[in-house]
Amino acid sequence: MPILHTLRRWLLLLPLAFLAGCNTVLLNPSGDIANQQGRLIVVSTVLMLIIIIPVIALTVFFAWRYRASNKEAIYKPNWDHSTQLELAIWAAPLLIIIALGAITWISTHTLDPYRPLSRIDAQRPVTADIKPLTVEVVALDWKWLFIYPEQGFATVNELAAPVDRPITFKITASSVMNSFFIPALAGQIYAMPGMETKLHAVINAPGEFDGFSANYSGAGFSGMRFKFHGLSNADFDQWVRKVKSSPEGELSRERYQKLEVPSEREPAKHFASVSPDLYGAILNRCVDRSKMCMSQMMAIDADGGLGKPGAYNVATAKPWQPDDINSPKRAYGKYVTAMCTTEE
């Protein structure tokens, strides 16, 4: 029997051994935005535990105190109301909900991913002379493409940024929805084809951090990972020089079409230069030059549209009528005179 007791004790400790392998980066991140989000999780959890712990403790206490075998417990079968108890039961959760609501409202605005950063960390604001680093992110099947428009190059499955410099991410996808997530930097942001989402963040400590897709996107999803390097200014400049000297050459529209073919577990790759209009073409779904860009389609739609419905809309916006001597000059601004295809 002592052996069974010892074995049972060790089995109870086994879950603690599993917890030792957990990565607590969400609660101990290296970026200011992720740090604020982690603190929000802790504060919210503590506020909820103010209710949860007493409820569980009182449940156990009442079950033990008023058990059938305890003949000393007071028995009042006709008791049905206590104003003081009702106030305590309803007031405490109400105050917790009000506090959680206020914290959520403030945090939703303060940590809005579309909102440019106002501080580097809790002690340092973003001054006017600090220019954010812009990175254009494209989620491919199943790899990540990062375009540095100011530096004029692109990388695959490798991202780097200087420490304490704000970063502006512009995020889109090539085919299906993904989620751009670097736990040490900030919360996840969805990447969707034909749309652009944004994230403003900053890394406050040098190091190598994991990034991945947090949204299932198909067979190669599990290998859709990359490394994010937080570098000093000197090391970032050195990394830029290394990428720009890559033998891969330019990432043109034609090379991008080969790159976006689905593949799994791609190693990091550098392109010394990138076509300046590539990201815009990806976002507007017109990397293939024979296709019309979404921005062009929207401009045409805004001007009345194409085809018979569009022609009707344009023509009937101000119906054409023959001019006569009393007609005001150019009274009828728009009407359809011809229709053509993009090749013409």
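The values are calculated or read from the model by the stated rules, or taken from the named source; none is laboratory data. Keep in mind that this is a model prediction, so the values were computed, not measured. Cβ atoms come from the backbone with ideal geometry, glycine included; neighbour counts cover every protein chain shown. For accessibility, only protein heavy atoms count, side chains too; no ligands or nucleic acids. Shrake-Rupley method; radii C 1.70, N 1.55, O 1.52, S 1.80 Å.
Does any residue of segment 320-331 turn out to be outside any loop (DSSP other than H, G, I, E, B) and either modelled with pLDDT of 75 or more or over 25 Å from GLY220 (Cβ atoms) (or both)?
No, that holds for no residue.
Report, ordered by the first and then the second residue, all pairs with beta carbons closer than 8 Å, sequence separation of six or more or different chains, a first member in segment 142-160 that is within 15 Å of VAL261 (Cα to Cα) and of a type in the set (Val, Ile, Thr), and a second member that is part of a loop (DSSP other than H, G, I, E, B) and modelled with pLDDT of 95 or more.
Here the result reads VAL156/ALA268, each pair linking segment 142-160 to a residue that is part of a loop (DSSP other than H, G, I, E, B) and modelled with pLDDT of 95 or more.
Only one residue in LEU100, LEU27 is open to solvent by 90 Å² or more (accessible area, probe 1.4 Å) and in contact with a helix residue (DSSP H, G or I) (Cβ under 8 Å, 6 or more places away or on another chain), so which one is that?
When all the criteria are applied, what remains is LEU27.
Looking at THR108 and the list (1) open to solvent by 70 Å² or more (accessible area, probe 1.4 Å); (2) more than 30 Å from ILE189 (Cβ to Cβ); (3) among the hydroxyl-bearing types (Ser, Thr, Tyr), which single condition is not satisfied?
The failed condition is (2).
Can you tell me which residues in segment 175-191 are of a type outside the set (Val, Ile, Thr), surrounded by fewer than 20 Cβ atoms within 10 Å (Cβ to Cβ) and farther than 24 Å from PRO162 by Cα?
Hits for segment 175-191 are SER175, MET177.
Within segment 50-66, can one find any residue that is among the basic types (Lys, Arg), farther than 30 Å from THR104 by Cβ and open to solvent by 80 Å² or more (accessible area, probe 1.4 Å)?
Within segment 50-66, none of the residues are among the basic types (Lys, Arg), farther than 30 Å from THR104 by Cβ and open to solvent by 80 Å² or more (accessible area, probe 1.4 Å).
Anything in segment 272-294 that is touching a helix residue (DSSP H, G or I) at 6+ places or on another chain (Cβ under 8 Å), within 19 Å of SER246 (Cβ to Cβ) and outside any loop (DSSP other than H, G, I, E, B)? List them, or say none.
SER273, LEU278 - these are the residues of segment 272-294 that are touching a helix residue (DSSP H, G or I) at 6+ places or on another chain (Cβ under 8 Å), within 19 Å of SER246 (Cβ to Cβ) and outside any loop (DSSP other than H, G, I, E, B).
What are the residues in segment 223-244 that are out of contact with any His (no Cβ under 9 Å at 6 or more places or on another chain), open to solvent by less than 90 Å² (accessible area, probe 1.4 Å) and not basic (Lys, Arg), if any?
Once the filter is applied, which keeps residues that are out of contact with any His (no Cβ under 9 Å at 6 or more places or on another chain), open to solvent by less than 90 Å² (accessible area, probe 1.4 Å) and not basic (Lys, Arg), segment 223-244 yields GLY223, MET224, PHE226, PHE228, HIS229, GLY230, LEU231, SER232, ALA234, ASP237, VAL240.
Considering only residues that are of a type in the set (Ser, Thr, Tyr), farther than 20 Å from ILE171 by Cβ and buried (at least 16 other Cβ atoms within 10 Å of the Cβ), which ones fall in segment 258-301?
Once the filter is applied, which keeps residues that are of a type in the set (Ser, Thr, Tyr), farther than 20 Å from ILE171 by Cβ and buried (at least 16 other Cβ atoms within 10 Å of the Cβ), segment 258-301 yields only SER273.
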